[in-house]
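**Student:** So that we are looking at the same thing, I have put the structure below in structure tokens.
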Amino acid sequence: MDRTAPGGTAAPATEPASTPAGPAPETAPGLLDGIPRQRGPVRAAPAPPACPAPPATGVPTRARTGIPFTLAYGAVLAVTSLVERYADPGLVDALHRASSTDVAHLMVTPVTVLFASALWVAGGVLSPYALLFVIVLGALERKAGTLRAAGVFLTGHVLATLATEVPVGLAVLAGQLPDSSLHRLDYGISFGVAAAAGALAGLLTPWPRRALLLFFAGVTGEGLLSYTDPLTSWGHAIALAIGITLWPHLRRPRPAP
């Protein structure tokens, strides 16, 4: 039923309210006109705060690598240790003497005996230096790279050998030692392991560095005090010092491949 005004006359129509002229209000993109309580445009989440840089320790950070040199060299030492254990004792003694870095061999075939002497583990594969070889050289190779680890081992082995055998030759010439000292049996990997330990210490944080150096210094000192084999003990001390002197070289960034 239509609504009517009193008196039978129709109610006057109301005029719509005038609105001021002007441009229509802008709506946010993605919103619908006339629907309240719509979500506004999605804003990008603020970037998380940057993580603080780790404190400087003086030890360079490098990408860790594999240990092919340690594994391949360890396999060779395992083979020679099996030969040493199961071959005829006369053959083993002949091989050891042919590989010895004594003064007599160093004067005739220095390169050959320096290489051959590093193919044997004094005491066999179960000796402490065999275990230290895998742990120390493997850790050095992972941190410094294959070429640098091999260079450290070779440098320590060669220089420590020469540093202990050359004085023996001079002492024989001076008449301080008998001629039999020129044929002193000398072979093994211990000098290279000691040099690798000294070098590895420079790539560790302070506490592991001190522990490693104290351990090898204690082993070397015990050998010197017991006077069981002073030349070998001095060779260990020299090789450890050689590894320490290589810290600046090892701490330099490796060239990009």
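**Student:** Condition first: closer than 25 Å to Asp93 by Cα, in contact (Cβ under 8 Å) with a residue 24 or more places away in the chain and within 20 Å of the chain's Cα centre (by Cα). Can you find one or more residues in segment 243-251 that meet it? Let's see the steps before the verdict.
**Tutor:** In the first step, residues of segment 243-251 are kept if they are closer than 25 Å to Asp93 by Cα; the result is none.
Taking every residue of segment 243-251 in turn, none turns out to be closer than 25 Å to Asp93 by Cα, in contact (Cβ under 8 Å) with a residue 24 or more places away in the chain and within 20 Å of the chain's Cα centre (by Cα).
**Student:** Are there any pairs with C-beta distances below 6 angstrom linking a residue in segment 172-189 that is over 22 Å from Val121 (Cα atoms) to a residue that is of a type outside the set (A, V, I, L, M) and outside any loop (DSSP other than H, G, I, E, B), with the two at least 6 apart or on different chains, and if so which?
**Tutor:** Once the first residue is over 22 Å from Val121 (Cα atoms) and sits in segment 172-189, its partners that are of a type outside the set (A, V, I, L, M) and outside any loop (DSSP other than H, G, I, E, B) give Val172/Ser181.
**Student:** In contact with a helix residue (DSSP H, G or I) (Cβ under 6 Å, 6 or more places away or on another chain), within 22 Å of Leu119 (Cβ to Cβ) and of a type in the set (A, V, I, L, M) - does that describe any residue in segment 206-218?
**Tutor:** Of the residues in segment 206-218, the ones in contact with a helix residue (DSSP H, G or I) (Cβ under 6 Å, 6 or more places away or on another chain) are 209, 212-213, 216.
Those left that are additionally within 22 Å of Leu119 (Cβ to Cβ): none.
No, segment 206-218 contains no residue that is in contact with a helix residue (DSSP H, G or I) (Cβ under 6 Å, 6 or more places away or on another chain), within 22 Å of Leu119 (Cβ to Cβ) and of a type in the set (A, V, I, L, M).
**Student:** Sticking with this structure for a sec: For segment 183-204, which residues satisfy the criterion of being surrounded by fewer than 19 Cβ atoms within 10 Å (Cβ to Cβ) and at pLDDT below 95? Steps first, answer last, please.
**Tutor:** To start, the set of residues in segment 183-204 that are surrounded by fewer than 19 Cβ atoms within 10 Å (Cβ to Cβ) comprises 183-185, 204.
Passing the criteria: His183, Arg184, Leu185.
**Student:** Related question: Looking at the structure I just gave you, is Leu131 surrounded by 15 or more Cβ atoms within 10 Å (Cβ to Cβ) and of a type in the set (A, V, I, L, M, F, W, C)? Even if it seems obvious, please write down each step before you answer.
**Tutor:** Working: surrounded by 15 or more Cβ atoms within 10 Å (Cβ to Cβ): no; of a type in the set (A, V, I, L, M, F, W, C): yes.
Considered against the rule, which asks whether it is surrounded by 15 or more Cβ atoms within 10 Å (Cβ to Cβ) and of a type in the set (A, V, I, L, M, F, W, C), Leu131 comes out as no.
**Student:** Count, please, the residues in segment 220-236 that happen to be buried (at least 20 other Cβ atoms within 10 Å of the Cβ) and free of Cβ contacts under 8 Å to residues at least 60 places away in the same chain.
**Tutor:** Residues that pass the stated criteria total 2.
**Student:** Looking only at segment 81-131, how many residues end up being farther than 16 Å from Thr164 by Cα, hydroxyl-bearing (Ser, Thr, Tyr) and in a helix (DSSP H, G or I)? Outline the logic, then answer.
**Tutor:** Initial filter on segment 81-131 (farther than 16 Å from Thr164 by Cα): 81-99, 108-109, 111-112, 115-116, 119-131.
Subset that is hydroxyl-bearing (Ser, Thr, Tyr): 81, 86, 99, 109, 112, 127, 129.
Still in the list and also in a helix (DSSP H, G or I): 81, 86, 99, 112, 129.
Counting residues in segment 81-131 that are farther than 16 Å from Thr164 by Cα, hydroxyl-bearing (Ser, Thr, Tyr) and in a helix (DSSP H, G or I) gives 5.
**Student:** Of the numbered conditions (1) of a type outside the set (Val, Ile, Thr); (2) modelled with pLDDT under 95; (3) part of a loop (DSSP other than H, G, I, E, B); (4) under 27 Å from Thr164 (Cβ atoms), Arg62 fails exactly one; give the number of that condition.
**Tutor:** Arg62 satisfies all of (1) of a type outside the set (Val, Ile, Thr); (2) modelled with pLDDT under 95; (3) part of a loop (DSSP other than H, G, I, E, B); (4) under 27 Å from Thr164 (Cβ atoms) except (4).
**Student:** What are the residues in segment 247-257 that are at pLDDT 90 or above, surrounded by fewer than 20 Cβ atoms within 10 Å (Cβ to Cβ) and aliphatic (A, V, I, L, M), if any?
**Tutor:** Hits for segment 247-257: nothing passes.
**Student:** Out of curiosity, is Ala211 out of contact with any Cys (no Cβ under 8 Å at 6 or more places or on another chain) and farther than 30 Å from Ala171 by Cα?
**Tutor:** On the way: out of contact with any Cys (no Cβ under 8 Å at 6 or more places or on another chain): yes; farther than 30 Å from Ala171 by Cα: yes.
Considered against the rule, which asks whether it is out of contact with any Cys (no Cβ under 8 Å at 6 or more places or on another chain) and farther than 30 Å from Ala171 by Cα, Ala211 comes out as yes.
**Student:** Counting residues that are within 15 Å of Tyr129 (Cα to Cα) and of a type in the set (Asp, Glu), which helices (runs of 4 or more DSSP H) fully inside segment 156-257 reach at least 1?
**Tutor:** Working: elements: 190-201, 206-226, 230-245, 247-250.
No helices (runs of 4 or more DSSP H) qualify here.
**Student:** Counting only residues that are buried (at least 24 other Cβ atoms within 10 Å of the Cβ) and among the β-branched types (Val, Ile, Thr), which one in segment 137-182 is farthest from Leu204 (Cα to Cα)?
**Tutor:** Thr161
**Student:** Of Asp102, Asp93, which residue is among the acidic types (Asp, Glu) and without any contact (Cβ under 8 Å) to a residue 24 or more places away in the chain?
**Tutor:** Details: Asp102 fails: without any contact (Cβ under 8 Å) to a residue 24 or more places away in the chain.
The match here is Asp93.
**Student:** Checking Ile35 against (1) β-branched (Val, Ile, Thr); (2) over 26 Å from the mean Cα position of the chain (by Cα); (3) at pLDDT below 95; (4) under 23 Å from Thr161 (Cα atoms): exactly one of these is not met. Which one?
**Tutor:** (4)
**Student:** Follow-up question, since we're still on this one. Given the conditions (1) buried (at least 17 other Cβ atoms within 10 Å of the Cβ); (2) out of contact with any helix residue (DSSP H, G or I) (no Cβ under 6 Å at 6 or more places or on another chain), and given that His105 satisfies all but one, which numbered condition is not satisfied?
**Tutor:** Among (1) buried (at least 17 other Cβ atoms within 10 Å of the Cβ); (2) out of contact with any helix residue (DSSP H, G or I) (no Cβ under 6 Å at 6 or more places or on another chain), His105 violates only (2).
The values are calculated or read from the model by the stated rules, or taken from the named source; none is laboratory data. Keep in mind the model is a prediction, meaning the values are calculated, not measured. Here the Cβ is made from the backbone with ideal geometry for all residues, glycine too, and neighbour counts use every protein chain on show.
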